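To start, the structure under review is shown below, and the notes come after it.
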Amino acid sequence: MTAYIIRRIIIGFMILILVTILVFLLVRLLPGDPVMRYMANFTGTGQQNVMTPEQHDAMMVKLGLDRPIPVQYWDWISKVFRGDLGESLGVQQPISKLIADVLPRTAYIGFWMFVVGTFGGLLVGIYCALRRGTWLDNTLTTIANIGMTVPVFWLGILLIYLFSYKLGWFPMYGWVNPWDDFWKSCTYVVLPIASVALGGIAGMARLTRSCMLEVMRTDYVRTAWAKGLRERVIVVRHQLKNAMIPVVTSLGGTLAMILGGSVFIETVFSIPGMGLMMTTAIFDYDYQVVQASALIFGGIVIFSNLAVDIAWGWLDPRIRYG
Amino acid sequence: MDEEAKMPENPVVPTPNDIISIEPAPPRRSEWRRFARVFFGRKLYLVGFIIVVIIILTAIFAPVLTPYDPEKNDLTSRLQTPNAEHLLGTDQLGRDILTRIVYGARVSLIIGFSAVFASTIVGTIMGLAAAHYGGWVFAIIMRIADVLMALPAIILMMLIAGMLKGGGIWIVVFALGFGGIAPMARMMCGQALSVKQNDYIMAARAVGMSNWRIMFTQIFPNAYPPLIVGLTMGIGGVVLGEAGLSFLGIGVQAPTPSWGGMVMDGQRFLLTNPLLSLMPGVAIMFLVFGFNMVGDGVRDAIDPRLRGVI
Amino acid sequence: MALLDVQGLQTYFHTEYGLVKAADGVTFHVNQGEIIGLVGESGCGKSVSILSVMRLITSPPGETVGGKVIFDGKDLLKYKPNGREMRAIRGSKLTMIFQEPMSSLNPVLTISRQLTETLELHLDMDKRAAKERAIELLRMVGVPDAANRVDDYPHQFSGGMRQRVMIAMALSCNPAIIFADEPTTAVDVTTQAQLLELMKDLVTRLNTALVIVTHNLGVVARYAERIYVMYAGRIIESGRSEDIFGNPRHPYTIGLLHSVPKLGERHGTRKLIPIYGLPPDLINMPPTCAFLPRCTEKIGRCEKEPWPELRAVGDDHYISCYVDIKGK
């Protein structure tokens with residue numbers, strides 16, 4: 001098991017390095033001159049030639065963009081590993097400071113989206129699998145099928161319209177840090193969390209249901225029935241753990257989906273988190289911030305995949321002793 | 001065949017073990033009829049199929065269906081609520097919402113199909129190559145897939161589309177297609193590897209077939225069902241992705257009608273004119289639901305064992 | 001008085017293509033300590049019959065719609081499939097060994113847990129006693145180093161060893177009857193023989209009845225005392241082993257024996273004759289004898305009248321056929 005974990009950590013680290021290269025290359029190699037695009041956007045004129053060639057060259061040198069790409073990459077990556085993510089062109093602040101502000105907010109709502117989505121989906125999925133064919137199963141499965149198709153941002157807008165505008169239960173948009181005023185923050189986060197978690201519940205319920213049904217048909221569950229065990233024992237002891245293996249394996253993907261969803265939801269509800277920062281940076285051509293936030297998102301996903309791999313080993317003896 | 005079965009010249013001497021376990025004849029029913037039977041056997045699949053057909057027809061016949069121009073402003077009739085002339089009202093520039101939704105179907109379908117085809121072709125070649133060559137080719141391709149999948153799909157697409165912002169719908173297709181390559185490559189590789197295990201591949205090798213010939217005549221035809229299913233199921237995801245990018249303002253650019261962009265534009269007028277933002281979202285859901293159900297149906301009809309895989 | 005008496009058992013499956021009458025009037029009995037062979041081609045309904053007796057048919061699509069299964073004076077078909085009465089019998093009095101040793105054990109539970117759960121459930125043992133008994137059982141079925149291997153997981157065992165675990169599991173609560181559904185089909189030939197010898201030894205020692213379900217005539221010839229031959233969801237011939245092999249009376253059984261080479265027989269002394277044609281599609285079965293299309297002995301009556309009931313043709317020897325052929 002230790003060897004397995006170490007191997008996963010090494011692979012995770014390798015992928016992280018490759019992600020830094022991918023992000024870096026995507027931002028640098030796509031056509032366009034960052035300085036010109038940034039300035040054009042900054043002045044709002046849309047014209048790219050607002051600087052004199054001398055000013056432009058000076059800025060290229062200042063940002064280190066005049067050097068060869070591998071050197072630029074090395075420069076960037078060595079700083080990243082020292083915790084220096086560069087400086088934002090837009091707000092003239094160190095990016096690590098910006099991230100320290102916004103990341104906890106995304107992490108906070110992301111955590112709740114993940115918890116509600118996963119556990120809600122598990123419960124619904126297990127229930128539907130055990131009561132398959134009943135009207136409640138059919139209804140929930142249909143709702144889950146529809147839930148998979150709802151665009152997160154649209155659901156957010158719909159919830160604002162219904163619960164904030166029509167019913168007046170929650171504020172329309174905005175953000176209060178839970179560590180500043182917990183109860184007030186609750187009213188602000190309910191709708192964003194619900195918008196993303198609903199899709200999460202739908203996906204997780206579908207997966208759990210089909211995994212449970214799959215396991216129910218296996219030979220070893222038939223063996224368990226042949227032993228004269230009670231249904232509850234069979235479900236808990238023989239089915240759940242086996243059905244959880246693919247479900248747990250999918251959790252990394254679920255988290256990625258939820259992070260993606262939070263990008264939209266932060267835009268809809270004006271929550272100053274990672275997603276909104278990245279979207280704004282894309283609009284401003286603030287390439288340093290784009291690079292840094294993509295890297296953070298990738299890092300979170302890689303880290304959670306690592307956790308998933310370890311959980312998988314813990315669940316499945318074939319991996320543990322493999 | 002039957003004649004031969006009745007009077008064999010040299011009856012094969014059976015072995016004690018398999019003597020009476022002759023495989024029963026598979027039911028002789030046409031593959032297509034079976035496909036149709038499963039596919040149309042469940043109401044949801046049928047509903048999905050009808051939705052898809054309606055949306056495709058709408059996209060094709062958009063100019064016939066509506067008298068308005070989706071991109072032409074008419075500032076005299078701004079922000080109208082639904083009325084006899086404008087069934088769903090008009091937006092802030094006086095354009096008919098229903099018209100823009102109808103034309104939006106074109107944009108969504110064109111982008112959806114192109115992106116899925118692109119990522120399927122690239123992903124399939126990558127997956128087959130990985131499974132075929134093994135060794136370091138396999139390692140490199142799988143690491144590439146790992147890396148592409150390490151970023152949430154929408155972040156990857158935002159990176160590409162955002163950095164190339166304003167480049168028209170083909171940039172969006174590129175971004176969405178790029179995001180779809182890795183899962184496709186992984187799936188094809190897994191499928192090809194499992195097909196490779198079969199004895200008939202061994203047999204092909206034994207009669208001296210070349211590697212590439214085995215790849216295209218033996219492995220690919222047997223690994224293609226998930227490809228078809230992945231294609232159908234992929235469209236829903238890509239349409240959602242396109243809507244998302246357009247919603248963020250880095251997808252399809254104004255004035256081209258795009259459902260995601262319309263949701264974004266409409267959000268400002270949510271309190272006075274909710275349909276502006278909500279109706280395009282309903283259109284997105286219909287399309288995605290339709291394609292998802294068709295995908296599920298195709299999967300069940302082609303090969304129910306794929307249930308866990310895709 | 002038979003230990004288990006199955007009469008006219010009918011189990012149907014509702015499939016996409018129509019109603020499959022997998023078992024359509026299966027009748028057999030099992031006496032104390034007897035070894036029975038239930039023989040037939042793949043898909044003739046032999047496994048379904050056994051699963052129906054155990055009430056393990058998944059519904060939907062399957063359903064046991066008729067017949068009687070009398071065990072211990074009670075009709076098991078009167079119980080709910082997963083009700084308390086049935087659960088008390090299953091795994092203790094009636095146990096099963098399945099075909100696929102590779103997939104019949106739960107991959108995420110230790111061998112120990114899978115053995116002890118029946119002991120705890122049916123014999124009310126505490127954890128320690130159950131574990132000791134589990135080790136003892138593994139020793140009994142010939143798992144080497146049982147005390148250490150009991151905590152292993154199934155994937156650490158070979159196919160033959162897993163099947164030994166299944167045998168141990170089936171024996172654990174001193175059952176009255178063990179049903180072995182193709183117990184040796186999935187293992188290699190040497191292991192097959194070892195497993196069968198082991199099973200025979202154990203059931204003789206413990207005076208347990210054993211029902212071997214198989215398509216392998218060699219297996220039943222060697223081990224079974226009485227044999228039931230099934231075709232298309234029915235028993236078509238039954239009798240003592242020596243009668244079935246020495247004096248078969250149903251055209252199907254005769255055909256089967258003609259098509260099987262015998263061990264020790266000199267090459268070329270006897271011509272092997274296959275049974276031509278294929279077993280019937282179990283959907284849309286004609287009311288007449290299902291073997292009719294393949295039968296070489298048919299008479300006019302066979303075409304007109306329904307499938308014949310079993311009738312005695314000798315001491316404890318029954319066939320379901322209108323024709324009376326003396327065995328060759």
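The values are calculated or read from the model by the stated rules, or taken from the named source; none is laboratory data. Please read all numbers here as calculations on a predicted model, not as lab measurements. No Cβ is skipped: glycine too gets one built from the backbone with ideal geometry, and neighbour counts run over all protein chains shown. Only protein heavy atoms, including side chains, enter the accessible area calculation; ligands, DNA and RNA are left aside. Shrake-Rupley method; radii C 1.70, N 1.55, O 1.52, S 1.80 Å.
For region C:46-124, the helices (runs of 4 or more DSSP H) that sit wholly inside it and include 1 or more residues that are modelled with pLDDT of 85 or more and within 20 Å of the chain's Cα centre (by Cα) are C:46-53, C:84-89. Scan region C:1-38 for residues that are within 14 Å of chain B (Cβ to nearest Cβ) and under 27 Å from C:Tyr223 (Cβ atoms) and the total you get is 3. Taking region C:62-72, which residues are touching an Asp or Glu at 6+ places or on another chain (Cβ under 9 Å) and open to solvent by 20 Å² or more (accessible area, probe 1.4 Å)? Result: C:Lys68, C:Ile70.
Out of the residues in region B:66-93 meeting the condition of being open to solvent by less than 60 Å² (accessible area, probe 1.4 Å) and of a type in the set (A, V, I, L, M), tell me which one is farthest from B:Arg268 (Cα to Cα).
So, considering only residues that are open to solvent by less than 60 Å² (accessible area, probe 1.4 Å) and of a type in the set (A, V, I, L, M), the one farthest from B:Arg268 (Cα to Cα) is B:Leu88.
Hey, among the residues in region B:260-275 that are more than 10 Å from chain A (Cβ to nearest Cβ) and within 28 Å of the chain's Cα centre (by Cα), which one's surrounded by the fewest Cβ atoms within 10 Å (Cβ to Cβ)?
B:Asp265
Set side by side, the residues C:Gly25, C:Gly37 differ, and just one is crowded, with 20+ Cβ neighbours inside 10 Å and outside any helix (DSSP H, G or I), which is C:Gly37.
Taking region C:39-89 as the range and being within 10 Å of chain A (Cβ to nearest Cβ), more than 24 Å from C:Glu182 (Cβ to Cβ) and of a type in the set (A, V, I, L, M) as the test, only C:Ala88 passes. Report, by residue number, each residue of region A:237-269 that is of a type in the set (D, E, K, R) and either under 12 Å from the mean Cα position of the chain (by Cα) or under 26 Å from B:Gly261 (Cα atoms) (or both). Within region A:237-269, just A:Glu266 meets the criteria. In region A:208-224, of all residues being open to solvent by 50 Å² or more (accessible area, probe 1.4 Å) and assigned to a helix (DSSP H, G or I), the one that is farthest from the other protein chains (Cβ to nearest Cβ) corresponds to A:Arg209. Figure legend. Inter-residue proximity from region C:10-35: first residues under 20 Å from C:Leu210 (Cβ atoms), second residues in a strand (DSSP E or B) and aromatic (Phe, Trp, Tyr), beta-carbon distance below 8 Å, spacing 6+ or different chains. Indicated pairs: C:Phe28/C:Tyr228.
Regarding B:Ala131, is this residue touching a residue at least 12 places away in the same chain (Cβ under 8 Å), buried (at least 19 other Cβ atoms within 10 Å of the Cβ) and touching a Leu at 6+ places or on another chain (Cβ under 6 Å)? So that I can check it myself, show each step before the final result.
Values: touching a residue at least 12 places away in the same chain (Cβ under 8 Å): yes; buried (at least 19 other Cβ atoms within 10 Å of the Cβ): yes; touching a Leu at 6+ places or on another chain (Cβ under 6 Å): yes.
Yes: the conditions hold for B:Ala131.
The set of residues in region B:157-192 that are facing chain A (nearest Cβ under 8 Å) and either buried (at least 21 other Cβ atoms within 10 Å of the Cβ) or among the charged types (D, E, K, R) (or both) comprises B:Met158, B:Leu159, B:Ile160, B:Gly162, B:Met163, B:Lys165.
Among the residues of region C:269-285, those identified as within 25 Å of C:Gly8 (Cα to Cα) and either in contact with a Cys (Cβ under 9 Å, 6 or more places away or on another chain) or open to solvent by less than 70 Å² (accessible area, probe 1.4 Å) (or both) are C:Pro279, C:Pro280, C:Leu282, C:Ile283, C:Met285. The number of residues in region B:258-305 being of a type in the set (Gly, Ala, Ser) and closer than 23 Å to B:Phe35 by Cβ comes to 4.
B:Phe247 - would you say it is open to solvent by 10 Å² or more (accessible area, probe 1.4 Å) and either at pLDDT 85 or above or touching a Phe, Trp or Tyr at 6+ places or on another chain (Cβ under 8 Å) (or both)? When the stated conditions are applied, B:Phe247 does not pass them. Across region A:147-159, which residue is surrounded by the fewest Cβ atoms within 10 Å (Cβ to Cβ) among those that are more than 7 Å from chain B (Cβ to nearest Cβ) and modelled with pLDDT of 90 or more? For region A:147-159, the residue satisfying everything is A:Leu159. Contact map, region A:6-22: residues that are within 16 Å of A:Gln72 (Cα to Cα) and facing chain B (nearest Cβ under 10 Å) paired with residues that are of a type in the set (D, E, K, R) and assigned to a helix (DSSP H, G or I), Cβ distance under 8 Å, separation 6+ or inter-chain. Pairs shown: A:Leu18/B:Arg143; A:Leu18/B:Asp146. Pairs are defined by a Cβ separation below 7 Å, a sequence spacing of at least 6 or placement on different chains, a first member in region C:93-113 that is closer than 18 Å to A:Gln239 by Cα and facing chain A (nearest Cβ under 8 Å), and a second member that is of a type in the set (Lys, Arg) and open to solvent by 10 Å² or more (accessible area, probe 1.4 Å); the pairs so defined are C:Leu105/C:Arg162; C:Pro107/A:Arg318; C:Val108/A:Lys241.
Is one or more of the residues making up region C:302-309 over 25 Å from C:Leu51 (Cβ atoms) and touching a helix residue (DSSP H, G or I) at 6+ places or on another chain (Cβ under 8 Å)? Quick ask: steps written out before the conclusion?
We begin by selecting, within region C:302-309, every residue over 25 Å from C:Leu51 (Cβ atoms); these are C:302-306, C:308.
From the residues that got through so far, the ones that are touching a helix residue (DSSP H, G or I) at 6+ places or on another chain (Cβ under 8 Å) too are C:302-303.
Within region C:302-309, one or more residues are over 25 Å from C:Leu51 (Cβ atoms) and touching a helix residue (DSSP H, G or I) at 6+ places or on another chain (Cβ under 8 Å).
Counted as qualifying within region C:150-228 are the helices (runs of 4 or more DSSP H) with 1 or more residues that are under 23 Å from A:Arg318 (Cβ atoms) and away from chain A (no Cβ under 14 Å), namely C:159-171, C:189-206. Determine whether B:Asp18 is modelled with pLDDT under 80, part of a loop (DSSP other than H, G, I, E, B) and more than 29 Å from B:Ile111 (Cβ to Cβ). So B:Asp18 passes the test.
Take the residues of region C:183-197 that are closer than 17 Å to C:Val211 by Cβ and touching a helix residue (DSSP H, G or I) at 6+ places or on another chain (Cβ under 7 Å): which is surrounded by the fewest Cβ atoms within 10 Å (Cβ to Cβ)?
Within region C:183-197, the first condition is being closer than 17 Å to C:Val211 by Cβ, and the residues that meet it are C:183-185, C:195-196.
Retained after the next criterion (residues that are touching a helix residue (DSSP H, G or I) at 6+ places or on another chain (Cβ under 7 Å)): C:183-184, C:195-196.
Working: C:Pro183: 27, C:Thr184: 24, C:Leu195: 23, C:Leu196: 19.
Among those residues, the one meeting the criterion is C:Leu196.
Checking each residue of region B:96-104 against the condition of being in a loop (DSSP other than H, G, I, E, B) and farther than 20 Å from B:Val288 by Cβ gives no match.
Residue-wise test of (1) open to solvent by less than 40 Å² (accessible area, probe 1.4 Å); (2) within 14 Å of chain B (Cβ to nearest Cβ); (3) among the acidic types (Asp, Glu); (4) in contact with a Phe, Trp or Tyr (Cβ under 6 Å, 6 or more places away or on another chain).
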{"site": "A:Thr142", "(1), (2), (3), (4)": "no, yes, no, no"}
{"site": "A:Asp180", "(1), (2), (3), (4)": "no, no, yes, no"}
{"site": "A:Cys186", "(1), (2), (3), (4)": "yes, no, no, no"}
{"site": "A:Ile193", "(1), (2), (3), (4)": "yes, no, no, yes"}
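In region A:285-319, the qualifying residues are those that are more than 13 Å from A:Ile99 (Cβ to Cβ), touching a Phe, Trp or Tyr at 6+ places or on another chain (Cβ under 7 Å) and assigned to a helix (DSSP H, G or I), and the one that is nearest to the other protein chains (Cβ to nearest Cβ) is A:Pro317.
Residues in region B:38-72 that are in contact (Cβ under 8 Å) with a residue 12 or more places away in the chain, basic (Lys, Arg) and within 14 Å of another protein chain (Cβ to nearest Cβ): B:Arg42 only.
Looking only at region A:109-143, residues that are over 25 Å from A:Phe269 (Cβ atoms), in contact (Cβ under 8 Å) with a residue 12 or more places away in the chain and either among the aromatic types (Phe, Trp, Tyr) or in a loop (DSSP other than H, G, I, E, B) (or both) come to 2 in all.
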